[in-house]
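Reviewing the structure listed below.
The values are calculated or read from the model by the stated rules, or taken from the named source; none is laboratory data. Treat the numbers as computed from the prediction; the structure is a model and nothing was measured. Cβ placement follows ideal geometry from the backbone for every residue including glycine, while neighbour counts extend to all protein chains displayed. Side chains included, ligands, DNA and RNA excluded: accessible areas come from the protein's heavy atoms. Shrake-Rupley method; radii C 1.70, N 1.55, O 1.52, S 1.80 Å.
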Amino acid sequence: MTEASDNKGELERHLTFKDVFFLSFGGMSPLLSILTYGAFAITLAGYDAPLVMIIGTLLVLVNGLSVTQLSKRFSTSGGYYTYAFQALSARIGFDTGWMYMFYSVLYGLAYLVGGLFIITTVLGISTYIAFLIIMVPSITFLIIGVTMSARYAIFAVIIEIGLMLSIAFYSFFVTKGTAYIPNPVVYPISGGDFVLGILFAMGIPTGYGSIAPVSGEIKNPKKVVGRSVITVILVGGSLATFMIYAIANLILQNHITIPVADKLPVIGIIQHDFGGAGRFFYYAVAIATINDSILAILSFGTAAIRTLFRMGYDRTLPSVFAHKVKEKPMFATLFISGILVILPLIILNYISAETAFIILGTISALGGLFIHVSANFSLLRIGLRKGRRLMIRAKKTFFTTLSDFKEFFLALTGAVISSIVLIYSAYSTVPVYTTVFLVWIVIGFILSEVKGIIGKTPNDVDISKEGIIVAQNLMNVSVSDMINPLKEAIVSINDSLKDVLNGLLSKNLPGAIVVDSQKRPIGKLEVVNLLLLPKSSIENGKVRQIHLERSVNINERENVADAVRVLKENNVNILTVIDQSGMAKGVINERDVLAKLSEIDKPDIV
């Protein structure tokens, strides 16, 4: 059974915790990540690789906790884009959404080409045949919808976890139950290799990054999203640690030497050192790799589609991407699906699947770190304002004050970790990879600037005939023509805070005008300030119980030029539209004004 969204433009809520967990867990491609990132971690950290994996999981958990806190406040689709859009600014929101689509598409494609490399190596089939085997079901599931994708993920992930546990336990059978204790003192490792090993380990339990963008389709998202994020990180990290320990233990106990030229060391160990069962596991891993590639594309393709959908809905990108067919974001789906098909074919036409995996994996990892820096700064701002507000309410002890700022310190820790890893990774990787990453950021910045410029009136006065006509047209557009029809934009002083906040978040509105029983404006409330209130206050409070900002009014008979002037003079982003009797008729904000200005075409002057 589905839940109708509070927002008619949003998608239906039908995903449960089980659906979200398996879809995102599949997105980390558990077995394929061990064959790639895990193999690098073992190569760098040796017998200390399990410790490296544990540390990497804990560092990832910090970012996961930040996302969990943000998900309690924002429950619409869009994820990281929505967090930045609401907590920071529309421009940073655009940059974050732009980078998230870059990250999610390339991350899914990295596992696609990684899977192609393993499949063609083990099964000896053509790269393009393997490509069809993976992409046909992947794109089909994306078009059918996230519900069917989640059902496939449940079935596929259960089988894959079973295979991974079988490989791990069988390795102990091969070593006759002998095990070891990872210890850097006994098995020394250089500091550089240890840190680099952690970087690769952090790349494994990252499937949770696909959860937040589908929040708009999750039942009870404020609880389910956070619980799913933490569960995916802990289960994924624990399974990866156990698998890496089993492989490292087998190498140690059986004195296995891995050839330097071996491009798939873990698969080579399974094939040559697992005795009679080695051949079965060898081909089972290859088949499971196909499944992993499909799951990665489904998980991160779905996340990219939902981010594009939300950006289209907010008109941050063309609104066509928000168009739905039978309650599915079909235009966004077809656009992302087209990229997922065309881009790898272009790449594979010039470089091998092995090289493509390294390039796409590295660049997407940089993108992932960027969006988590953005998420941490979103929580940082919210946590700082919340802490300040709680601190001034009453005198408190030092430790109580620290507790008030717990979200701030959590976000600060995550931001520092992600920033350090991002800078170190960008500095130490191949310069071309970093350049591609930076170029994408610059393109996003340019698009954001162009979008802002198009929506603004020119600074230079145009005194030509054409300019005079445009100015006359502006004077003929009244404020009443721009009134925002959304009922969520005006609230009563007796409304509950919970209903008001949910309504504003569902429409991505920065605030609302508060009116009295006679519909006269008495103040303005802002989403950011509501988010800083304790949960109990939001659940049980009324609008009349909170501090309101000053309402700036404009008469409905005024024109658009007056609206621009009032917005600028009062340094506000929302105006209350009133009639002659002083009653509130609606609101207009900066986006409404800019949208109206963009609709006014310049005349053709011959």
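Every residue, every condition in (1) at pLDDT 85 or above; (2) touching a Leu at 6+ places or on another chain (Cβ under 9 Å), yes or no:
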| position | (1), (2) |
| --- | --- |
| Asp404 | no, yes |
| Ala415 | yes, yes |
| Ser418 | yes, yes |
| Val421 | no, yes |
| Tyr424 | no, yes |
| Val432 | yes, no |
| Trp440 | yes, no |
| Ile443 | yes, no |
| Asn459 | no, no |
| query | Among the helices (runs of 4 or more DSSP H) contained in segment 78-159, which hold 1 or more residues that are in contact (Cβ under 8 Å) with a residue 12 or more places away in the chain and more than 30 Å from Ile382 (Cβ to Cβ)? | reply | 90-123, 127-144
| query | Scanning for something assigned to a loop (DSSP other than H, G, I, E, B) and either among the aliphatic types (A, V, I, L, M) or open to solvent by 40 Å² or more (accessible area, probe 1.4 Å) (or both), does segment 231-247 turn up at least one residue? | reply | no
| task | Name, by its number, the condition in (1) open to solvent by 10 Å² or more (accessible area, probe 1.4 Å); (2) modelled with pLDDT under 90 that does not hold for Ile342. | result | (2)
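So that you can scan it fast, the table gives a plain yes or no per residue for (1) buried (at least 19 other Cβ atoms within 10 Å of the Cβ); (2) closer than 27 Å to Lys223 by Cα; (3) not assigned by the TED database to the domain that holds Leu348:
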residue	(1), (2), (3)
Asn63	yes, yes, no
Arg73	yes, yes, no
Gly79	yes, yes, no
Ala84	yes, yes, no
Phe102	yes, no, no
Tyr128	no, no, no
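Each row is one residue, and each column tells you yes or no for (1) under 24 Å from Gln86 (Cβ atoms); (2) touching a residue at least 40 places away in the same chain (Cβ under 8 Å); (3) not assigned by the TED database to the domain that holds Ser126.
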site: Ile305; (1), (2), (3): yes, yes, no
site: Ser319; (1), (2), (3): yes, no, no
site: Lys324; (1), (2), (3): yes, yes, no
site: Ser337; (1), (2), (3): no, yes, no
site: Val341; (1), (2), (3): no, yes, no
site: Pro344; (1), (2), (3): no, yes, no
site: Ile347; (1), (2), (3): no, yes, no
| said: Here are the criteria: (1) under 20 Å from the mean Cα position of the chain (by Cα); (2) at pLDDT 85 or above; (3) surrounded by 16 or more Cβ atoms within 10 Å (Cβ to Cβ). Tell me which single one Gly216 does not satisfy. | reply: (2)
| task | Confirm whether Ala375 is open to solvent by less than 10 Å² (accessible area, probe 1.4 Å), within 14 Å of the chain's Cα centre (by Cα), in the same structural domain as Leu70 (by the TED database) and of a type in the set (A, V, I, L, M, F, W, C). | result | yes
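Residues are listed down the side, and each one gets a yes or a no for (1) in contact with a helix residue (DSSP H, G or I) (Cβ under 8 Å, 6 or more places away or on another chain); (2) surrounded by fewer than 19 Cβ atoms within 10 Å (Cβ to Cβ); (3) assigned to a helix (DSSP H, G or I):
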{"residue": "Phe280", "(1), (2), (3)": "no, yes, yes"}
{"residue": "Arg306", "(1), (2), (3)": "yes, no, yes"}
{"residue": "Ile336", "(1), (2), (3)": "yes, no, yes"}
{"residue": "Ile347", "(1), (2), (3)": "yes, yes, yes"}
{"residue": "Leu366", "(1), (2), (3)": "yes, no, yes"}
{"residue": "Gly383", "(1), (2), (3)": "yes, no, yes"}
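Ser506 - would you say it is at negative phi, of a type in the set (Ser, Thr, Tyr) and buried (at least 18 other Cβ atoms within 10 Å of the Cβ)?
yes
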| note | Filtering segment 320-334 down to residues that are part of a helix (DSSP H, G or I) and under 12 Å from Thr302 (Cα atoms) yields Met330, Ala332, Thr333, Leu334
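Among Leu106, Leu58, Leu51, Leu70, which is of a type in the set (A, V, I, L, M, F, W, C) and within 30 Å of Ile129 (Cβ to Cβ)? Full working, then the answer.
Working: Leu58 fails: within 30 Å of Ile129 (Cβ to Cβ); Leu51 fails: within 30 Å of Ile129 (Cβ to Cβ); Leu70 fails: within 30 Å of Ile129 (Cβ to Cβ).
Just one listed residue meets the conditions, Leu106.
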| remark: Of the listed residues (Thr2, Thr16, Thr76, Thr82), the one being modelled with pLDDT under 90, farther than 30 Å from Ala246 by Cα and touching a His at 6+ places or on another chain (Cβ under 6 Å) is Thr2
| request: Could you tell me whether segment 560-572 includes any residue that is within 29 Å of Phe405 (Cα to Cα) and surrounded by 17 or more Cβ atoms within 10 Å (Cβ to Cβ)? | output: yes
| task | May I ask you to list pairs of residues, at least six apart or on different chains, whose Cβ atoms are under 6 Å apart, with the first in segment 562-590 being modelled with pLDDT of 80 or more and in a strand (DSSP E or B) and the second being open to solvent by 10 Å² or more (accessible area, probe 1.4 Å) and small (Gly, Ala, Ser)? | result | Thr576/Ser551; Thr576/Ala584; Ile578/Ala584
| field | Only one of Leu298, Leu317 that is in a loop (DSSP other than H, G, I, E, B), at pLDDT 85 or above and either buried (at least 16 other Cβ atoms within 10 Å of the Cβ) or hydrophobic (A, V, I, L, M, F, W, C) (or both) | value | Leu317
| task | Report yes if some residue within segment 257-267 is in contact (Cβ under 8 Å) with a residue 24 or more places away in the chain, under 19 Å from the mean Cα position of the chain (by Cα) and open to solvent by 10 Å² or more (accessible area, probe 1.4 Å); otherwise report no. | result | no
| said: Condition (residue is aliphatic (A, V, I, L, M), touching a helix residue (DSSP H, G or I) at 6+ places or on another chain (Cβ under 7 Å) and part of a loop (DSSP other than H, G, I, E, B)) applied to segment 514-527: is it met by at least one residue? | reply: no
